[in-house]
Each structure stands twice: as C-alpha cells, then as structure tokens.
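A short write-up of the structure that comes next.
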Ligand SMILES: [Zn+2]
C-alpha cells in the first residue's frame, strides 16, 4: 500500500484519542503536538464536509423524469435502482490496471478509473503474496454496453429475473469505472455465487477493504441493494470508508445514510 493512496481523512475517534492521550500523558504538550491536533481536526472537518457533500439526498436530481446522480466522479457516488448515471457519463481518467485478466486482448472492460486501478493493482499484488490467484473479469462498462446486456438478459430470462441479476442501463456501477468483477480458475472464472466459497473468494472478502474496495452486493443484503449476492463484484470507495463499511457490515446505501 502506497501512502499516497491512503485516504487523508482521519476519523474523529483518532483525533479524540490523540487529544485524550496527549492530555493524559504529555503535560505540557510536546513540540508539534498542537500542530498535529490542528491537522487532525482539519482532516476530520474535511471528511465531515466530504460526506455531507456526498449525502444521497444532496446528490440526486430529476432529469427528464429520471432520478439522476450529480456527484458523478465522486469515489462514493451511489448508483442503484433508484439513482441513475446520465447516459452520456464516461469517466475521464479510465486506464487499464496492470493485473491478470481472465481473457486476452484489448477491451474497454479492462478499464477502471485511475484511483481504482492503482488500488486494484495493490489488491492483486497482496493476493499473489498470499498465494491467491485472482483474475479480473469485467470493469468499466458504457451505458450502451449495459443497455445491450440488460436487453439480452431480459429476452432470455424475463425482465423480473434480469432485474435482480443485471442492472438497467444507467444503474450499473460498472459505468462509474470504480467496480471490477473478479474471479478465479477454481470456478472457471465464472461470476457465480460459488466463487464466494472458494479460497480466492474468501480471501477477497477478508482483504478487499484494506485496499479501498467493498463487496458491494453482500449476502443477505438483497433487500437493501436490490441485487442478489455477488461475491465477485468489488467497488472502490477508498480505504477508510471501505474499512468502516466492512467492519460494520453495512451496504454503501446504509453507510452514506448513516454518516450524515
Ligand atoms: Zn459487477
């Protein structure tokens, strides 16, 4: 993990304990302690402001009768069945992460936004170090691609089933460039719930948050996310927030609601 990729936000609890420990153990404060407290306080304030600015209630407007998100390029942008990305949205900083893919040759779906691509490289490197072989399967997806996927699924499975397993165009996290589907040889690189029971799927669940990712559609969270359990789909939200969501076993929806 490179320092530059760590979130600069410091949780209030850290500041609280820093102040408390300094007050208890260091009288008078050591040189620089007041600056450290001031910096921590500034971080805390900017984190609170960041969360406030990204509150679900503040980041949606109706455009042509469609509930459309306004914080498109935020790392905590909330896209779901109630909150659409505009059909024209394409992230500006898409790159191909240097990780193994389940297929060869160039493809737009190899891309992620730069911040998520860097984090994914760190995630895959850590997995490899632990003897876990992951492969990336599908990342960025344009509105038009999602439209054809949903329409194909709906024609095969019927619209109700398609709606639980695939997103309607504009409602896919893959359009944010912050999500990647990951799988392993042990399930033939399939995107299936059985991946969650493999050693690779278990490793991913236990470690994704350390690199800023969450398992976005968790087990038992179908009612909250609108999607079946997807142990293969990770979403970048940043290290601190991913840690909190994982530790508290929340969905992104719940976390963003809670934090305002
Ligand atoms: Zn996915």
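Bear in mind these aren't lab numbers, they're just calculated from the coordinates by the rules spelled out. Since the model is a prediction, treat every value here as computed from it, not as a measurement. Cβ sites come from the backbone with ideal geometry, for glycine too, and all protein chains shown count toward neighbours.
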Distance (nanometres) between label positions extended 7 Å along Cα→Cβ at residue 70 and residue 202: 4.6 nm
Fewest-first ranking of 183, 107, using other Cβ atoms within 10 Å as the exposure measure: 107, 183
Residue-averaged [θ]222 nm for the chain, counting only DSSP H segments that reach four residues, each worth -39500 (n - 2.57): -12000 deg cm²/dmol
Sorted by Cβ neighbour density within 10 Å, fewest at the top, the residues 113, 58: 58, 113
Förster-model FRET efficiency, 45 Å R0, residue 159 and residue 37, C-beta, rounded to 0.05: 0.20
Helix 114-129 axis, angle to the chain major axis (alpha carbon atoms, nearest 10°): 90 degrees
Cβ-derived FRET efficiency at R0 51 Å, residue 104 paired with residue 45, nearest 0.05: 0.60
The stretch 114-176-the stretch 211-260 distance, computed between alpha-carbon centres (Å): 15 Å
Highest-fluctuation residue, 181, 122, 130 considered, GNM on the chain with Cα pairs under 10 Å: 130
The stretch 102-160 shape via C-alpha gyration tensor axes, a/c threshold 1.5: prolate
For the stretch 89-185: relative contact order, % (alpha-carbon pairs under 8 angstrom, 6 or more apart): 34 percent
GNM result for the chain, Cα springs below 10 Å: residue of 36, 208, 119 fluctuating most strongly: 36
Largest-first principal axis extents, alpha carbons of the stretch 25-161, Å: 72, 47, 27
Cα coordinate range in the chain, projected on the principal axes (Å, largest first): 71, 48, 34
The chain: most fluctuating residue of 137, 96, 63 per GNM, C-alpha cutoff 10 Å: 63
5 Å binning of all Cα-Cα separations within the stretch 109-200, expressed as whole percents from 0 upward: 3, 14, 18, 20, 21, 14, 7, 3, 0
The chain - percent relative contact order, Cα under 8 Å, separation 6 or more: 17 percent
Likely footprinting exposure, 95, 161, fewest C-beta neighbours within 10 Å first: 161, 95
Helix axis angle, 33-53 relative to the chain longest principal axis, alpha carbon, degrees: 30 degrees
Kirkwood estimate for the stretch 184-260, i.e. one over the average of 1/r between Cα atoms, Å: 12.6 Å
